[in-house]
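J.: Can you read through this structure? Questions will come right after.
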Amino acid sequence: MKQVKHRNSASKILILGTVFLFTFFNPVYAQDAPAVDAAVATEASSGGDVAKGEELFKSLCAACHKRYKKMTGPALFGVADKYEKEWIYSWVKNSAAMIASGDAQAIAVYEEYNKTAMNAFPQLSNADIDNIVAYAMVPKADPPTPPPGTGSEVSESNGSGISVNVMLAILALVFLMLVVVLFLVNKTLRNFAEANNVVLPQSEGKTPIWKAFIENQFLVLVTVVLLMLASGYYVYGYFMQVGVDQGYQPVQPIHYSHKIHAGDNEIECKYCHSSARVSKTSGIPSLNVCMNCHKSISEVAEATATAEHSKEFYDGEIQKLYKAVGWDADSQSYTGKTEPVKWIRIHNLPDFAYFNHSQHVTVAGVECQKCHGPVEEMEVMYQFAPLTMGWCVNCHRETNVKVADNKYYEKIHKELSKKYGVDQLTAAQMGGLECGKCHY
Amino acid sequence: MKNTIKILAAAVVMICVVSCQNKSKPNYQYMPNMYEPVSYETYGDYKVFPDSQEAMLPVEGSIPRGWMPYEYENSNNGYLQAKDSLKNPIRYTKENEEAGKELYDIYCAICHGGKGDGKGTLVKREKILGVPTYSDVGRAITEGSIYHVMYYGINSMGSYASQTSEHERWQIVQYVQKLKADLEGKTPRIDTEVVEVVEVVVDEKHEEPANDHQEPAKDHSNAH
């Protein structure tokens, strides 16, 4: 009976394994096929070169047009069915002249898009425009239907993590069984010995180790001293970390990834935190700054998604932004209904310490990362530095004052460096350790 | 056996205590009275404000110090007027150009590219497309139109008025014009009398290391 069961499970594993293997092949075909079909279809239907058109479209038109979605201007898919070729040529080359001449279609479009003038592109030839139209007329590729393989793929990608856990569990189980077996063997051997009247040697007469320890007063003294030292160390450590928020990583209302923005896309810190240049506070950007880019970026690319956060998750976060700022993506306009995004402040100095961003960022030219750590690698922002006084003072002692191109420092630097007999003054020698600099 | 149970229980309690250190909550403070400000702090959360947000738009009609009204309206007409008649009030000096470059690299280069050819990082990564080069014939940007677009934004480009000051925007205008001239193969404008001054300063800087210790008096006179 048992053997039959085993054979069954083995065949099940085999079948599952082959299914699993086959799922790997599916996505390859699923993605390639429609794209090729579509390209072939359009090459035949219109005269333009899709590839050249794509290049031109992306460099010239994409600022205001998408193919399948309304943007600043209309969606361009289907444009060749709506208008005559000649009309499109003259519109692209100089739309303003057409509107001025009273062309009915031109005026209709102009009115529909709130009298937004389209730039003139006199540099485009008719062939160029044909290419662009050909690209615009490529029908939307079906969203890659989640092939049956995706489910197993996900589990496969997580598989390495799971298998490590499983292995650990199995190892733990094996050890447990070994221990149990050891006890059992010991017990049976003892029983065996008893049954055979073998007298087991008894370890008696020795004082137990704890009694010996207590009787040795020197040892007790040393232990007590060691214990006190250790507990003192831990108590000191505990009290010293009170009020220090290093590693503080709250959950923000919108999952904003510094890794994607500052890391992958290399956006300057000061693009969003613009007031760090000129004021005490490094500003949390108002939502209009987000919308500078997210007006045109309404969803993340497939490649942005990670095992941890899916594309749907990120797209949802962008929708949160749209909701907060009151942006209606369909009509490409603001509704006026806004709600605040209550970001949770991470870096927070106590009220008795004064810190000014502009002084450090603009005057001293300190890199943001010096205090905030590798922000460009942080998926979720956390406090990198302890922000304690010792930490501040240490940096002031080590960092030289940046005097180059700063007339303000010229004289004082010269005199102080003569006084201290050094070439380069540190911030500390310039008065960076005086109490009143930060506490007043 | 009882002992092992006790030890296990103790271990469980210890693990609980250690694992309860929550990263998403701020730590305890010794004297919260000294840590928490009495006054309202920037970006603070206080009930007295609407939505309990300290960060609010300025009251309508309020004018920041040093602010001057911008006379062109946010429309096609305003754009065309600014393009024709608005002129850059700052002098085209090297310093202004460098300041402009620094700001340009922060705010503009991410899309428009370090050279102004419309190939910034976001464009190369195909996040934002269709950024024109500054030498685009159809647009034919001028100092007035550059400033106008920075002030109000245009089409997909947002306004940068909240991130930059008036003076900074004009510095960026100068740098954008320099990039445009570079792209078109022309020489960028630098106001002539200023160029001489800049050259003198540069010369002095070259000499300075040598004279550093010998002639402190001369350097003092420069500082004033």
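Any read-out appearing in this document is the output of simple, stated calculations on the displayed coordinates, not a laboratory observation. As the structure is a computational prediction, the values presented were derived from the model and not from experiment. Because the Cβ atoms are built from the backbone with ideal geometry, glycine has one as well, and the counts that use them run over all protein chains shown.
J.: With a sphere of radius 11 Å drawn around the Cβ of A:H360, what net charge do the other residues whose Cβ falls strictly inside it have (Lys, Arg +1; Asp, Glu -1)?
T.: Computed value for this residue: +3.
J.: Under a point spin-label approximation (7 Å from Cα along Cα-to-Cβ), what is the B:E166-A:A104 distance to one decimal in nm?
T.: 4.9
J.: Counting only Cα atoms, I'd like the Rg/Rh figure for the range B:76-192, Kirkwood definition for Rh.
T.: 0.93
J.: Can you give the mean number of other chain Cβ atoms that lie within 10 Å of the Cβ atoms in peptide B:32-38?
T.: Mean partner shielding for this stretch: 3.
J.: Same structure, new question: For a quick check: sort B:S24, A:S274, A:S90 by the number of other beta carbons within 10 angstrom, fewest at the front.
T.: Result, fewest neighbours first: B:S24, A:S90, A:S274.
J.: Could you check the simple spin-label distance between A:V224 and A:S331, using points 7 Å along Cα→Cβ, in nm with one decimal?
T.: Using points 7 Å along Cα→Cβ, the separation is 8.2 nm.
J.: A follow-up question, please. How much FRET efficiency would the formula 1/(1 + (r/R0)^6) give for B:T4 and A:E308, where r is the Cβ-Cβ distance and R0 is 56 Å, rounded to 0.05?
T.: 0.90
J.: Projected onto the charge dipole of the range A:332-398 (+1 at Lys/Arg Cβ, -1 at Asp/Glu Cβ, origin at the Cα centre), which of A:N356, A:G390, A:T338 gives the Cα projection farthest towards the positive end?
T.: Of the listed residues, the answer is A:T338.
J.: Please give the average number of partner chain Cβ atoms lying within 10 Å of the Cβ of each residue in A:255-267, rounded to a whole number.
T.: Mean partner shielding for this stretch: 2.
J.: Further, regarding this structure: Hey, if you put +1 on the Cβ of every Lys and Arg and -1 on every Asp and Glu Cβ in the range A:276-357, which of A:I297, A:A329, A:G283 ends up farthest toward the positive end of that dipole?
T.: Positive-most Cα among the choices belongs to A:G283.
J.: Using amide H atoms built in the peptide plane, which far-off residues or other-chain residues are under 5 Å from A:W327 H to H?
T.: Under 5 Å from the amide H of A:W327: A:T335.
J.: Treat every Asp and Glu Cβ in the range A:387-427 as -1 and every Lys and Arg Cβ as +1, leave all other atoms uncharged, and give the resulting dipole magnitude about the Cα centre to the nearest 20 debye.
T.: 140
J.: Continuing with this model, one more query. Taking H placed 1.01 Å from N in the peptide plane, check which residues at least 5 places from B:Q53 or on another chain put their amide H under 5 Å from its amide H.
T.: HN-HN under 5 Å from B:Q53: B:Y46.
J.: Please order A:V109, B:V173 by the number of other Cβ within 10 Å, starting at the fewest.
T.: Listed from fewest to most nearby Cβ atoms, that is A:V109, B:V173.
J.: Straight-line reach from A:K437: which lysines have Cα under 25 Å away, leaving out those fewer than 8 places along the same chain?
T.: A:K280, A:K370, A:K402, A:K407, A:K411, A:K414, A:K418, A:K419
J.: Same structure, new question: Given a Förster radius of 35 Å and the C-beta distance between B:A181 and A:I412 as r, what FRET efficiency does 1/(1 + (r/R0)^6) yield to the nearest 0.05?
T.: About 0.30, to the nearest 0.05.
J.: Would you list A:D330, A:D264 from fewest to most Cβ contacts within 10 Å?
T.: A:D330, A:D264
J.: I'd like the Karplus ³J(HN,Hα) series for the range B:176-183: coefficients 6.51, -1.76, 1.60, θ = phi - 60°, whole numbers in Hz, and an x wherever there's a Gly or Pro.
T.: So the Karplus estimates, Gly and Pro as x, are 4, 5, 5, 4, 4, 4, 4, 5 Hz.
J.: What net charge do the residues around B:K178 carry, taking every other residue with its C-beta under 9 Å from that of B:K178, with Lys and Arg at +1 and Asp and Glu at -1?
T.: +1
J.: State, to one decimal in nm, how far the label point of B:R65 lies from the label point of A:N114, with both points 7 Å from Cα in the Cβ direction.
T.: 3.6
J.: For A:K259, go through the lysines and keep the ones whose alpha-carbon is under 16 Å away, minus same-chain ones fewer than eight residues off.
T.: List returned: A:K270, A:K311, B:K127.
J.: Per residue of the range A:375-384, what does 6.51 cos²θ - 1.76 cosθ + 1.60 with θ = phi - 60° give for ³J(HN,Hα)? Whole Hz please, x for Gly and Pro, Karplus curve as stated.
T.: Karplus-based 3J(HN,Hα) across the range A:375-384 equals 4, 5, 10, 8, 5, 10, 5, 9, 7, 8 Hz.
J.: Write down the Kirkwood hydrodynamic radius of the range A:388-440, to one decimal in angstroms, obtained as one divided by the mean of 1/r over all alpha carbon pairs.
T.: For the range A:388-440, the Kirkwood estimate is 11.7 Å.
J.: Whole-Hz ³J(HN,Hα) for each residue in the range A:266-272, computed from phi via Karplus 6.51 cos²θ - 1.76 cosθ + 1.60 with θ = phi - 60°, x for glycine and proline: what do you get?
T.: Karplus values, whole Hz, x for Gly and Pro: 6, 6, 4, 4, 6, 4, 8.
J.: Alpha carbon centre of the range B:146-191 versus the range A:343-421: separation in Å?
T.: Cα centroid to Cα centroid, the span is 31 Å.
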